[in-house]
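Peer 1: One structure is given below, represented as structure tokens, and several questions about it will come after.
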Amino acid sequence: MGIIHNVYKFIASLQIGCDDMGIIHIAGASVWGGGEQYVYDINAEMQRRGKDVYVLVDESNTVLCSRFAETAELVPVKLYKGRGIASLFSTARFMKKRGIGLIACHSGKYILTALLLKKLTGAKVLFFKHNAIAGKSDRYHRWIEKETDLFVCVSQLVYDLQARGTDREKYVKVYNGIDTNRFSHVLPRMYVNNYNNARPFAIGYAGRIVENKGWRELVDAAVLLHEAGKSVRLFFVGGGSDTDIACLCEYIKEVKAKEYIFYEGYARDMGDFYEKIDCFVLPSKVREAFGLVLCEALYCNVPVITSASGAQGEIITDKVTGRIVDPLDSYGLAEALSAYYENPLQAGETARRGKKNVKEKFLISRTVDELFGAIRKLGIEV
């Protein structure tokens, strides 16, 4: 009885008042991607508003640690080991010390960790849904729905797929948004009249290097343009496993395209990347939950092409603010690229319309405004 009493006494000592605003994000990814950029940008905006933000991250991931440290206070633990369970009590003590009343979970892999922290601290749990997959209704997922305080869906597609349970009022749609401060150094774009060997048409892809993102179809499309006599360059940036990156590089060699297709690794300054390309392509074969890089590219006045695989249609209207193509059709992608190549001024006008749409709907300031509105409904003043 003495041990049980001491455990309950310890848990009670950790309980945090519901009016506390400090927020801790659980960032358990192994590589930097759109979800991680989303957390980074939200933290930057919250810091500008004087809020306390923290990121729970695995201490061994130097890339994530160095990036997240720029816009939040790091809480480095052994997150990959047992999904952070071994660090529960030390994390709970830290939350109590700093007055952290909100836990933001960005992956189902770590939702149990988030809910256990809730039990230990009394903090509210926000579960951000970054994947375009249907919600599940088995006993475990019904329990998650019951215990989670708020589900934040990053697009209408995600909301429609997820908000199918009995607690639909717990689900809100809050669009992703970009932090324009990251692109303040990007110069106004000059659209050329024609491309040649001295000024080739530069195509860019940014994201995780995995095959279901459509990199193989993009390589094939670039090869088709090259074989048609067009002067092109294709640049890939992003992280991935050694195996996935090797697969991309081997395929570039296989199609004899090393002279004009390049993998450049991880890009720390995306503004510099967007400045050097004439077209951005997101050719995903899987359902995209949103497509943050499309908004970034458009804000930097870069024409975009994407696939019809997910929520990209909530950002792009085909032939108005960008192009939408079949994700499995390299020839269709090559035709869309060729249209931009042949009509750069028209492509620029498309990008300008796209940028206007981004500024109206997809800025991080609006994202945080809507997120704060949803949090207030939990009884937390922000």
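The values are calculated or read from the model by the stated rules, or taken from the named source; none is laboratory data. Quantities reported herein were computed from a predicted structural model and do not represent experimental measurements. All Cβ positions, glycine included, derive from the backbone under ideal geometry; neighbour counts span all protein chains shown.
Peer 1: If you go through the stretch 111-143 one residue at a time, how many are of a type in the set (Lys, Arg), more than 28 Å from residue 291 (Cβ to Cβ) and free of Cβ contacts under 8 Å to residues at least 12 places away in the same chain? Full working, then the answer.
Peer 2: Kept after step one, since they are of a type in the set (Lys, Arg), are these residues of the stretch 111-143: 118-119, 124, 129, 136, 139, 142.
Checking the rest, the ones that are also more than 28 Å from residue 291 (Cβ to Cβ) come to 118-119, 124, 139, 142.
In the following step, the residues that additionally are free of Cβ contacts under 8 Å to residues at least 12 places away in the same chain were identified as 139.
Result for the stretch 111-143: 1.
Per-residue answers, yes or no, for (1) modelled with pLDDT of 95 or more; (2) over 19 Å from residue 175 (Cβ atoms); (3) assigned by TED's automatic domain parsing to the domain that holds residue 159:
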| position | (1), (2), (3) |
| --- | --- |
| 318 | yes, yes, no |
| 333 | yes, yes, no |
| 347 | yes, yes, no |
| 351 | yes, yes, no |
| 355 | yes, no, no |
| 372 | yes, no, yes |
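Peer 1: Here are 75, 55: which of them is in contact with an Asp or Glu (Cβ under 8 Å, 6 or more places away or on another chain), aliphatic (A, V, I, L, M) and either surrounded by fewer than 16 Cβ atoms within 10 Å (Cβ to Cβ) or at pLDDT 95 or above (or both)?
Peer 2: Exactly one of 75, 55 is in contact with an Asp or Glu (Cβ under 8 Å, 6 or more places away or on another chain), aliphatic (A, V, I, L, M) and either surrounded by fewer than 16 Cβ atoms within 10 Å (Cβ to Cβ) or at pLDDT 95 or above (or both), namely 55.
Peer 1: Tell me the residue from 274, 266, 251 that is loosely packed, with under 15 Cβ neighbours inside 10 Å and either β-branched (Val, Ile, Thr) or within 22 Å of residue 306 (Cα to Cα) (or both), please. Walk me through it before giving the result.
Peer 2: Details: 274 fails: loosely packed, with under 15 Cβ neighbours inside 10 Å; 251 fails: loosely packed, with under 15 Cβ neighbours inside 10 Å.
That would be 266, the only listed residue that is loosely packed, with under 15 Cβ neighbours inside 10 Å and either β-branched (Val, Ile, Thr) or within 22 Å of residue 306 (Cα to Cα) (or both).
Peer 1: Which of the strands (runs of 3 or more DSSP E) contained wholly in the stretch 115-211 include at least 1 residues that are over 23 Å from residue 100 (Cβ atoms), in the same structural domain as residue 91 (by TED's automatic domain parsing) and not acidic (Asp, Glu)?
Peer 2: Details: elements: 124-129, 150-153, 171-173, 201-206.
Once the strands (runs of 3 or more DSSP E) in the stretch 115-211 are filtered for at least 1 residues that are over 23 Å from residue 100 (Cβ atoms), in the same structural domain as residue 91 (by TED's automatic domain parsing) and not acidic (Asp, Glu), what remains is 150-153, 171-173.
Peer 1: Any residue in the stretch 300-319 that is among the hydrophobic types (A, V, I, L, M, F, W, C), surrounded by fewer than 22 Cβ atoms within 10 Å (Cβ to Cβ) and free of Cβ contacts under 8 Å to residues at least 60 places away in the same chain?
Peer 2: For the stretch 300-319, residues among the hydrophobic types (A, V, I, L, M, F, W, C), surrounded by fewer than 22 Cβ atoms within 10 Å (Cβ to Cβ) and free of Cβ contacts under 8 Å to residues at least 60 places away in the same chain: present.
Peer 1: Kindly establish whether residue 230 is of a type in the set (Lys, Arg) and in a helix (DSSP H, G or I).
Peer 2: Against the criterion (of a type in the set (Lys, Arg) and in a helix (DSSP H, G or I)), residue 230 does not qualify.
Peer 1: Keeping to the stretch 85-114, report how many residues are of a type in the set (Val, Ile, Thr) and either touching a Ser or Thr at 6+ places or on another chain (Cβ under 6 Å) or in a helix (DSSP H, G or I) (or both).
Peer 2: Counting residues in the stretch 85-114 that are of a type in the set (Val, Ile, Thr) and either touching a Ser or Thr at 6+ places or on another chain (Cβ under 6 Å) or in a helix (DSSP H, G or I) (or both) gives 4.
Peer 1: Residue 324 passes all but one of (1) free of Cβ contacts under 8 Å to residues at least 24 places away in the same chain; (2) more than 26 Å from residue 129 (Cβ to Cβ); which number fails?
Peer 2: (2)
Peer 1: Turning to a different aspect of this structure: Within the stretch 109-119, does at least one residue satisfy the condition of being over 17 Å from residue 43 (Cβ atoms), of a type in the set (Val, Ile, Thr) and surrounded by 22 or more Cβ atoms within 10 Å (Cβ to Cβ)?
Peer 2: Yes.
Peer 1: Please enumerate the residues belonging to the stretch 290-348 that are part of a helix (DSSP H, G or I) and within 18 Å of the chain's Cα centre (by Cα). Even if it seems obvious, please write down each step before you answer.
Peer 2: Within the stretch 290-348, the first condition is being part of a helix (DSSP H, G or I), and the residues that meet it are 292-299, 311-314, 330-342, 344-348.
Listed by number, the residues that qualify are 292, 293, 294, 295, 296, 297, 298, 299, 311, 312, 313, 314.
Peer 1: Only residues that are in contact (Cβ under 8 Å) with a residue 24 or more places away in the chain, in a loop (DSSP other than H, G, I, E, B) and closer than 17 Å to residue 110 by Cβ: list them for the stretch 47-75, please.
Peer 2: Once the filter is applied, which keeps residues that are in contact (Cβ under 8 Å) with a residue 24 or more places away in the chain, in a loop (DSSP other than H, G, I, E, B) and closer than 17 Å to residue 110 by Cβ, the stretch 47-75 yields 61, 72.
Peer 1: Taking the stretch 167-183 as the search range and keeping residues that are free of Cβ contacts under 8 Å to residues at least 24 places away in the same chain and touching a helix residue (DSSP H, G or I) at 6+ places or on another chain (Cβ under 8 Å), which one is surrounded by the most Cβ atoms within 10 Å (Cβ to Cβ)?
Peer 2: Here the residue is 171.
Peer 1: Say whether the condition of being buried (at least 20 other Cβ atoms within 10 Å of the Cβ), in contact with a helix residue (DSSP H, G or I) (Cβ under 6 Å, 6 or more places away or on another chain) and free of Cβ contacts under 8 Å to residues at least 60 places away in the same chain is met by at least one residue in the stretch 150-163.
Peer 2: Yes, that holds for at least one residue.
Peer 1: Also, I was wondering about something else. Could you list, in sequence order, all residues of the stretch 28-52 that are at pLDDT 95 or above and in contact with a helix residue (DSSP H, G or I) (Cβ under 6 Å, 6 or more places away or on another chain)?
Peer 2: 41, 45
Peer 1: Take the residues in the stretch 237-270 that are among the basic types (Lys, Arg) and in a loop (DSSP other than H, G, I, E, B); name whichever of them is farthest from residue 209 (Cα to Cα).
Peer 2: 256
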